[in-house]
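A short write-up of the structure that comes next.
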Amino acid sequence: MTYSTQQIKDSIIQKLRLNYGCTEQQASDGEVLKACAMVLRDIMAERGVTSRQKAEAEGQRKVHYLSLEFLMGRSLMKNAYNLDLLPQLRSAIEELGFDAGRIFDTEPDAGLGNGGLGRLAACYLDSMTTLEIPATGYSICYELGLFRQKIVEGQQVELPDDWMPLGDAWLMPKPQEAEEVHFGGKIRTRWDNNHLMVVHEDYTRVLAVPCDMEVAGYGTEHVNTLRLWDAKSPKPIDMTLFSQGQYLRSGEERAMADVISKVLYPEDNHYEGKSLRLKQQYFFVSATVQSITRRHIQTYGTLKNFHEKNVIQINDTHPALVVPELMRILIDDAGLSWDEAWHITTNSVAYTNHTVLAEALECWPQQLMEDLLPRVWQILTEIARRYQERIEAYYNNDLAKIAKMAVIWDGGVHMANLCIAGGMAVNGVSALHSDILRNDVFRNQCAMEPEKFKNVTNGVDHRRWLSQINAPLDTLLKETVGEGYLTDASLMKGLEKYADDAAVLKRIGEIKQANKEAFARWAKRQQGVVLNTDGIFDVQVKRLHEYKRQLLNALHIINLYQQLRDNPNMDFRPHTFLFGAKAAPGYAVAKRIIRMINALATQINNDPVCKDRLQVVFLENYRVSMAEMLMPASEVSQQISTAGKEASGTGNMKFMMNGALTVGTLDGANVEMHEVLGDENMFLFGLHADEVANLRPNYDPQMFYNRDPMLRNTVDMLKHGIGGENFEDLWRSLVMRDEYMLLADLPSYAAAEQRMVETYGDREKWNRMSLLNIARSGIFSADRSIADYANTIWHVPYRK
Ligand code: 26W
């Protein structure tokens, strides 16, 4: 079933008339955008109904992907692309007298996530749908997504991300499918017919209203749903207070409910025990589990086969409360025994870990749990008690081991341990990361239940991150390996045949240059900056975090700058360094690093010695839609985390697919990139994960500082001042502590950058490396990751 330009155009006109009471001549860009979204939404809604009916009729096992974050970005072009309607939609918009590019650009990003974990969920939704797996994503319908970043006088300033006015065009509120979530109150038990009845009283009710976003797959009519829960109070206002004239107070309870879905927490890789965050977690978990079990009963009339027909994948520990919540519903509502309920739960929940940073591991204070979720707390204590019995028996009461593995310990609920105890599988997100989980972070649990521990290396939606955003490269791939690569990314390997084809290599270079120029025009429009497109586009874009070592990148730039100043006549290949990064608002050091990079940019870009040679630009408000412009234009991908700290990385994969070469450490998925590329097709440097671990206890940054005058000179610039500002605080933390071992890796990093620059001089060689990176990036398609999940964890069939 397809649609002509004329049909799409007529539908848009109709949407404009019915929803905005205007003609196409009167409509604004925003109204046209929303009308287009509604037209596609209608098509998807209809297919969604059919997809769900089919899954139900065939009794297929369904996947429920729970994540506190779905970083969807824009949807108009994506949905049109997947529905195979992009050309028709473009022409329809143009025929209505609008600029299609501008309409696409009007769409706000749905920024319902922080970084890697959230974007991964979005890519996986696309692949699950394309592979025709009946799947639903669940999250919160945040009124405000991740903050917008402005740089004012070199510093990050946060602005609210009010995406709804235009973004809500994709959402279908379904108040008739609302669920009620209970907080606080007391638990009373009574015996009824030999059955212990649990009564929860005096709780506060919050209504969870689903706002569904349909998601189209590529090359299929299959449609899945992203269900976003919106929090509302069930009471309009408190009329008792209102009639007493206490108007403000009468709306208080309502405001308390609304605040749950107000804003996405902007902390990435950093746990803070805020009670509102726990409310968010339970709110979305409880609504989701109620909704899944309700559906299941409607279809099967019982929950006894729940685990056969459902799998609940949890994205990090943030939805860990599914374990006690599912237990609660199975026991309290469905009347199953503890053992029956535990069997069902431990055969339907699976947990993915995304970080080994200690400060990111969630551990909720027992008192908070008890007060906010009294019934869940009771169940948690029973889960913890039974699990502890098991480990005591297995480890002969070894207290040190018990302390590490316990679900409840020392007044805290350890969410990762809960997930391991209550889940059927635990997986890391790259080979290295999964090994670290097995051999280090969760080694005791792994010894007890080795079969639970798996690896699924991350992947990205290669249709979005290559075909859709890099049209000339897409064309080249279609000409060389054929269109089939869109649904079978392993076919990209066929490009290798052209590794010695001078014409193809030249074309790869030309595509990159054209993309660089397109990005430069965009950056000029967006933030008024003029990029030197003759310079190597050397890019580091990701959340700002010390372990990701943006500071290492900056130190190397300082080093280059010092060389230029000392020797203005040196041979220097033009080099344009681009940064993009948001810092968590409360993360002071991260904000200082942003300020330092901006100060460095100011000094370098205004120094005549750097003119047309060295340039540094901090790109404001890095987000999905910026990444879509930037990836095709990047030549060098900076993946320079301290080895062992970056669970996988997914930006690295997007760069690789678009032909950028990686300068990186052997960390996360870089290890697997190296496996397919070899030393000769990337620029590796630095300590390995095991070396980092071995060096850690005796690490002394002063040793590196004292023995290497060049390094010392570089680091000292922080103290002496950059762009007229002093960064002695950063200097001190490097020289005194250097938690992420920048000083140990700086010399080998500089050497890797130098090798990279030399290689760049040989254009043909560079383009061949670029070609091989593209050709061998197929394993990093999210389709491969989802097939791995389907085969090894979910045990569900998928379209091959
Ligand atoms: C509780 C605060 C908090 C918030 C977010 C803790 C931890 C997180 C995430 C797990 C952080 C995150 O996004 N991790 C990233 O996940 C990606 C997808 O698997 C990986 O590619 C990245 O390496 C990892 O840092």
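Where a number appears in this text, it was derived from the coordinates with a stated rule and is not lab data. Quick caveat: nothing in here was measured; it's all calculated off a predicted structure. Glycine also receives a Cβ, built like all others from the backbone with ideal geometry; neighbour counts cover every protein chain displayed.
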Span from the the range 101-123 Cα centroid across to the the range 139-171 one, whole angstrom: 11 Å
Can you work out the base-10 log of I(q)/I(0) for the range 623-663 at q = 0.30 1/Å, using the Debye formula on its C-alpha atoms alone? -1.04
Quick check on the chain: of the DSSP beta bridges with both residues there, what percent are antiparallel, nearest 5%? 45 percent
Amide H partners (placed H, <5 Å) of VAL349, local residues excluded: ILE312, MET424
Computed E for ASP105/ARG443 - FRET, C-beta separation, R0 41 angstrom, nearest 0.05: 0.25
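Just to check, using Stokes-Einstein with a Kirkwood Rh over alpha carbon pairs, what's the diffusion coefficient of the range 461-605 at 4 °C and 1.567 mPa s in µm²/s? Could you put the intermediate results ahead of the total?
Details: Rh = 18.2 Å.
Translational diffusion coefficient: 71 µm²/s.
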Using 7 Å Cα-to-Cβ label points, what is the ASP435/HIS674 separation (nm, one decimal)? 0.9 nm
Where in the range 230-321 are there GluC sites (Glu not before Pro) that are in a DSSP coil and have at most 13 other Cβ atoms within 10 angstrom of their Cβ? GLU272
Filtered hits (aspartates and glutamates, Cα-Cα < 14 Å from LYS232, offset >= 8 within chain) -> GLU143, GLU177, GLU179, GLU180, GLU252, GLU253, ASP258
Starting from 0 in steps of 10 Å, tell me what percent of the Cα-Cα pairs of the range 479-551 lands in each bin. 15, 27, 32, 25, 1
Once you put a point 7 Å from the Cα of ALA693 and another 7 Å from the Cα of GLU252, both along the Cβ direction, what distance in nm separates them? 5.3 nm
Return the loop-located GluC sites (Glu not before Pro) in the range 153-214 (DSSP other than H, G, I, E, B) with at most 15 other Cβ atoms within 10 Å of their own Cβ; answer none if there are none. GLU153
Convex hull over the alpha-carbon atoms of the range 97-239: what's its volume per residue in Å³? 263 Å³
Whole-number value, in Å³ per residue, for the convex hull of the alpha carbons of the range 1-83 is 131 Å³
Using the Kyte-Doolittle scale, find the helices of the chain whose mean hydropathy is at least -0.5 and whose Cα atoms extend 20 Å or more along the helix's long axis, counting only whole DSSP H runs. 29-57, 116-130, 275-300, 550-566, 588-605, 742-761
What value, in deg cm²/dmol to 500, does the helix sum -39500 (n - 2.57) over DSSP H runs of n ≥ 4 give at 222 nm once divided by the residues of the chain? -14000 deg cm²/dmol
Setting aside same-chain residues fewer than 8 positions from LYS478, which lysines have a Cα under 16 Å from its Cα? LYS493, LYS497
Note on the range 189-332: alpha-carbon gyration tensor, axes a ≥ b ≥ c; rule is a/c under 1.5 for rounded, else prolate if a/b larger than b/c, else oblate; result oblate
Can you give me the three principal axis dimensions of the range 516-589 from its C-alpha atoms, in Å, biggest first? 43, 31, 16
Residue-wise, which Karplus ³J(HN,Hα) couplings in Hz belong to the range 153-167, taking 6.51 cos²θ - 1.76 cosθ + 1.60, θ = phi - 60°, and x for glycine or proline? 6, x, 10, 6, 10, 9, 10, x, 9, 8, 8, 4, x, 9, x
What does the extension gain come out to for TRP731 and ASN396, with contour length at 0.36 nm per residue minus their alpha carbon separation? 115.8 nm
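Which value, in debye to the nearest 20, gives the size of the charge dipole of the chain about its Cα centre, when Lys and Arg are +1 and Asp and Glu are -1 at the Cβ?
On the way: 87 positive and 104 negative charges, 92 e Å.
It comes to approximately 440 debye.
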Would you kindly derive the ³J(HN,Hα) couplings of the range 323-329 from the backbone phi angles with the Karplus curve 6.51 cos²θ - 1.76 cosθ + 1.60 (θ = phi - 60°), listing them in order in whole Hz, with x for Gly and Pro? 4, x, 5, 5, 4, 4, 5
Checking a compactness column here: for the chain, what do you get for Rg(Cα) / (2.2 N^0.38 Å), N being the number of residues? 0.97
Assuming R0 = 51 Å, can you tell me the calculated FRET efficiency for the pair ASN19 and ASN194, based on Cβ-Cβ distance, to the nearest 0.05? 0.30
Based on the alpha-carbon gyration tensor of the range 54-160 and its eigenvalue square roots a ≥ b ≥ c, which shape applies: rounded if a/c is under 1.5, prolate if not and a/b is larger than b/c, or oblate? oblate
Estimated inter-spin distance, GLU382 and LYS235, nm [label 7 Å along Cα→Cβ]: 3.1 nm
Please list, in chain and number order, the residues 5+ apart from LEU144 or on another chain whose amide H is under 5 Å from its amide H, with Hs placed from the backbone. VAL263, LEU264
Separation of alpha-carbon centers, the range 482-530 and the range 731-777, rounded to whole Å: 21 Å
With θ set to phi - 60° and the Karplus curve 6.51 cos²θ - 1.76 cosθ + 1.60, what are the ³J(HN,Hα) couplings of the range 257-265 in order, to the nearest whole Hz, using x for Gly and Pro? 5, 4, 5, 4, 9, 5, 8, 6, 5
Just the number, please: Stokes-Einstein D of the range 329-443 in µm²/s, Kirkwood Rh from C-alpha pairs, 25 °C, 0.890 mPa s. 161 µm²/s
